[in-house]
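Please treat every number below as a calculation from the coordinates, not as lab data. The model shown is predicted, which means the values in this text are computed figures rather than measured ones. Neighbour counts are summed over all protein chains in view; Cβ atoms, including those assigned to glycine, are modelled from backbone coordinates with ideal geometry.
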Amino acid sequence: KFTCSCELNFQEHLAKTRVVHRDLAARNVLVCENHTVKVSDFGLSRDIYQDNVYCKRGGGKLPIRWMALESLTHQRYTTQSDVWSFGVLLWEIVTLGGTPYVGIHSCDLLELLKSGYRLKCPSTCNSDL
C-alpha cells in the first residue's frame, strides 16, 4: 500500500526551513530497501528565507511539465509551487511512471494550463489519495 506521509513530511520540512526544491519529480525520489523515501537532486533548490519566494533570473533548462503556472508565467517559486510539483509527482507514481501531459508539446503546455487544463485523475488512483 502506498502512502505519501514521507514526502509530505519532506515538504513540511522544506517549508519550515524556507527552501524551494523546484524539481520534485519521480526521477528525484529514491526508495531504499526499508521503504524509506529520500528526495534527491537539490541542484535547482533555493533559499527563500528572506522573502518566502525565489524569482528566477536568466536562462537554463527547467522541468516545465512539473512546474506550477506562476512559475511558468512569472518565474516565481514558493513552497506552494513545490506543492504543485508534488501533485504531478503523485500522478507519476499512480500511473507507474507515466509522463505528465503526454502527447502535448512543451511549447503548448503554458497556454493549456492558462486555459484551465489539468492532468486527469488516473483510473488507477485510489479514492483515498
Checklist entry - Restricting to the range 20-56, what's the tally of residues that are under 13 Å from SER81 (Cα atoms), touching a strand residue (DSSP E or B) at 6+ places or on another chain (Cβ under 7 Å) and acidic (Asp, Glu)? => result 0
Item to check | Matching residues in the range 24-43 - criterion: being assigned to a loop (DSSP other than H, G, I, E, B) and farther than 24 Å from GLY116 by Cα | outcome: CYS32, GLU33, ASN34, HIS35, THR36, SER40, ASP41, PHE42, GLY43
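Taking ASN52, is it loosely packed, with under 14 Cβ neighbours inside 10 Å and over 24 Å from PHE42 (Cβ atoms)?
Taking the combined requirement at face value, the residue does not satisfy it.
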Checklist outcome for this item: In the range 64-108, anything farther than 24 Å from VAL39 by Cβ and surrounded by 13 or more Cβ atoms within 10 Å (Cβ to Cβ) is listed as ILE104
Checklist outcome for this item: Among helices (runs of 4 or more DSSP H) entirely within the range 44-117, at least 1 residues that are within 16 Å of VAL19 (Cβ to Cβ) occur in 69-74, 79-94
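Residues are listed down the side, and each one gets a yes or a no for (1) out of contact with any helix residue (DSSP H, G or I) (no Cβ under 7 Å at 6 or more places or on another chain); (2) over 20 Å from CYS125 (Cβ atoms); (3) touching a residue at least 60 places away in the same chain (Cβ under 8 Å):
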| site | (1), (2), (3) |
| --- | --- |
| ASN9 | yes, yes, no |
| LEU30 | yes, yes, no |
| GLU33 | yes, yes, no |
| LYS38 | yes, yes, no |
| ASP51 | yes, yes, no |
| LEU69 | no, yes, no |
| ASP82 | no, yes, yes |
| TYR101 | no, no, no |
| HIS105 | yes, yes, no |
